[in-house]
Each structure stands twice: as C-alpha cells, then as structure tokens.
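**Q** Dumping the structure here so I can ask a few things about it.
A short reminder: the numbers here are calculations on the coordinates, not readings from a lab. Every value quoted in this text rests on a predicted model; they were computed, and no experiment measured them. Quick reminder, even Gly has a Cβ in these numbers, built from the backbone with ideal geometry, and neighbours come from all protein chains shown.
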Amino acid sequence: MKAGDLDQVILVGGSTRMPLVRRIVHEIFGKEPDLSQHPDEAVALGAVLQGAILEGNLQHVTLLDVTPLSLGIETFGGLMNVIIPRNTTIPTKAGEMFTNAVAGQSGMTITVLQGEREMAADNWKLGGFEIPFPPSAKGAARVGVQLSLDADGILQVLARDTATGTEKIVEIQSAVEVSDEAVEAMLAGSLEHAFEDMDARIFTEARLKAEEMLPAVEAALAQLAGELSPNEIVDIRAKTADVISALESRETVRLKKSLADLDQSTQSLATRLMEKAMG
C-alpha cells in the first residue's frame, strides 16, 4: 500500500497535539491529518466499545486486534523464522513448509517463538513439540507448519508430515497477552542490536552453507582425483582453506566472498560429476 492509497490519516494520542508531529504526518502522507478524534479519549472509547461488544450490548461492530510481536519457529542453526509478522490483524493464519537438515533424521522439533530478534535464543519461547517422520535423506522430508491465531489471542500450532499425514496440534494461550512494557523492551532490544543480529544471521547462514559445501567438495575431489589438473587441485585447495580460515575467524564478509570464490572454482567439478553420473 502507498501513502496515496489512504483516504484519511487519523491522529490519536497526546503527542499528536504537537505541530511538528502534524507537519511530519502531512509531509509523509501528502494530506492534512484528520483531527476529528479526541487524542486523549480515543483509546478509552475503543475500550468501552469493545466492552459493549463482549457484553452483547453492541452489535455489528468489529474491533480488530493485532499481534504485538512476530510469531515463528526456530530453524536449523538457531535462527528465528517469522511466520506471522508483528502488527498482523487477528484472527489470522499462515504457514510454511520445512525440510530435514540432517540425513537419517526421523523427527523435527517445532519450537514456537515470539519476538523481533534474528536469533532464536534472543526471542521468547512459547512452547515446543516433536513431529516424527520416517528416516529420510537430507532435504527429503516435508513438514508443513501452520500458525493460527484466533480473535481471543489463542495460538494454535499445527505440524504435519506430508508423506505419512502424521500431525500434531498444540494450543498456546499467551500469544498476544504481552504487557506494553515487555513489547517495548523487545522492540528496543531489536533496534539496539539490529546490526549485530543481522551479522549473526548472515554469518550463521553462510556457516551452514560452508558446512554443507566443504564435505561435498572433498568428496568430489576424491571421486575425480585422476581427472583434474594439478593447477585445478591447487586452486580448489586454496579456496577451501580460505573458507575454513574465514569460518574460524568468524569474518562474515570474508566468509561470504570465499564461499562465492569456492563455488566459482568448483563449477567444473559439478559439471564433470553430472556427466559421470549420466554416462
């Protein structure tokens, strides 16, 4: 949605009395803000309306609540994978498909998280459970995870193995019952640590790629040992050593570059392995 798509911009809250706030709103949205609502009474009036709706005294009026913080699950490497972003109108439902990260894996731990940080450990754990599936090759299993948040703030988490149809459903009561102070603290923390959080996420994703790529390169070198020139082997070994060095020193930018260099140097390996497999 663009600013021009809005019919009105309604200001509420005491700070909207300030001329500077109103001027900035006008600059951002290109229209005069709507000042028809009492800035101090708006929230109280909303609470009265909601109370009347709950008591059954007011019909045909719906007040929409939103998720105070993002909801998601922990993925391989300790990352936070957001499924329902913060400020999503509830009720809402969203899901994603996940796969196994390790060969022979026979189940998946679904750890439900709430928060705005990039790493799972920095967010709040709401609950967790296991979903089993037959032992599978890496990346072969398919587990669908769906988060469903109803109007009462109850979070239902469903996980289903697509191959067997095995599923588990867990309900979590406290998904939106978060104090304003706790929400503000989480948001402040996400802003304060934004750069280091993103660096940690990028490094973790690069580390996972390196841990997958390095053994694959070694296996390819062993399989094609007699078909590679000494120069090719020296080049690939040097690029591999650089990846390992960047991993050990935890240099994110260097690790990403060294992985790209190794990937480029091993393109011919991949081609020859494919030709060998097809021949």
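**Q** Given labels modelled 7 Å from the Cα in the Cβ direction, how far is it in nm from Asp261 to Glu205?
**A** 2.2
**Q** May I ask for the angle, rounded to the nearest 10°, between helix 19-29 and the longest principal axis of the chain, with both axes built from Cα atoms and the value confined to 0 to 90°?
**A** Long axis of 19-29 versus the principal axis of the chain: about 50 degrees.
**Q** While we're on this one: Which label marks the calculated value of Kirkwood radius over Cα pairs in Å, given the options (1) 25.1; (2) 18.6; (3) 23.3?
**A** The listed entry that was calculated here is (3).
**Q** Tally Lys and Arg at +1 and Asp and Glu at -1 over the other residues with C-beta under 11 Å from the C-beta of Pro91: what net charge comes out?
**A** -2
**Q** Could you work out the relative contact order of region 67-186, using alpha carbon pairs under 8 angstrom and six or more residues apart, expressed as a whole percent?
**A** It comes to 25 percent, rounded to a whole number.
**Q** At 222 nm, what helix-only mean residue ellipticity would the chain give, in deg cm²/dmol to the nearest 500, using -39500 (n - 2.57) for each DSSP H run of four or more?
**A** -13500 deg cm²/dmol
**Q** Taking the beta-carbon count within 10 Å as an exposure proxy, list His60, His26, His193 from fewest neighbours to most.
**A** Exposure proxy ranking, most exposed first: His60, His26, His193.
**Q** Roughly how tilted is helix 252-265, in degrees to the nearest 10 and between 0 and 90, from the longest Cα axis of the chain?
**A** 40
**Q** Going by amide H atoms built from the backbone, whose H comes under 5 Å of the H on Leu69, apart from near neighbours?
**A** Under 5 Å from the amide H of Leu69 lie the amide H atoms of Asn87, each far enough along the sequence or on another chain.
**Q** Okay, moving on. Kirkwood hydrodynamic radius of region 66-192 from all distinct Cα pairs, in Å?
**A** Here the Kirkwood hydrodynamic radius works out to 15.0 Å.
**Q** Relative to 2.2 N^0.38 Å, what does the C-alpha radius of gyration of region 157-279 come to as a ratio? Two decimals please.
**A** Normalised by 2.2 N^0.38 Å, the Cα Rg of region 157-279 equals 1.62.
**Q** What net charge is computed for the residues neighbouring Glu248, neighbours being all others with C-beta under 12 Å from the C-beta of Glu248, Lys and Arg scored +1, Asp and Glu -1?
**A** +1
**Q** Something else about it: Choose one answer from Glu205, Glu27, Glu218: the residue with the largest mean-square fluctuation in a GNM of the chain with alpha-carbon springs under 10 Å.
**A** Of Glu205, Glu27, Glu218, the Gaussian network model singles out Glu27 as fluctuating most.
**Q** What is the local net charge at Phe195, summed over the other residues whose Cβ is closer than 13 Å to its Cβ (Lys, Arg +1; Asp, Glu -1)?
**A** -3
**Q** Right, next: How high is the relative contact order of the chain, in percent, with contacts defined as C-alpha pairs under 8 Å that are six or more residues apart?
**A** Relative contact order for the chain comes out at 11 percent.
**Q** Considering the chain as a Gaussian network with a 10 Å cut-off on Cα pairs, which listed residue, Met213, Met18, Met80, attains the greatest mean-square fluctuation?
**A** Looking only at Met213, Met18, Met80, the largest GNM fluctuation is found for Met18.
**Q** Angle between the Cα long axis of helix 194-223 and the longest principal axis of the chain, 0 to 90 degrees, nearest 10?
**A** 20
**Q** For the chain, modelled as a Gaussian network with Cα springs under 10 Å, which listed residue fluctuates most, Gln267, Gln105, Gln59?
**A** Gln59
**Q** Within the set Lys2/Lys93; Lys31/Lys125; Lys2/Lys256, which residue pairs have Cα atoms separated by over 32 Å?
**A** Lys31/Lys125; Lys2/Lys256
**Q** Taking the convex hull of the Cα atoms, report for region 1-147 its projected area averaged over all directions, in nm².
**A** Mean projected area of the Cα convex hull: 13.0 nm².
**Q** May I ask you to list the lysines whose Cα is less than 18 Å away from that of Lys257, ignoring any residue fewer than eight positions away on the same chain?
**A** Partners found: Lys209, Lys239.
**Q** State, as an integer percentage, the relative contact order of region 120-263 based on alpha-carbon contacts under 8 Å between residues 6 or more apart.
**A** 15
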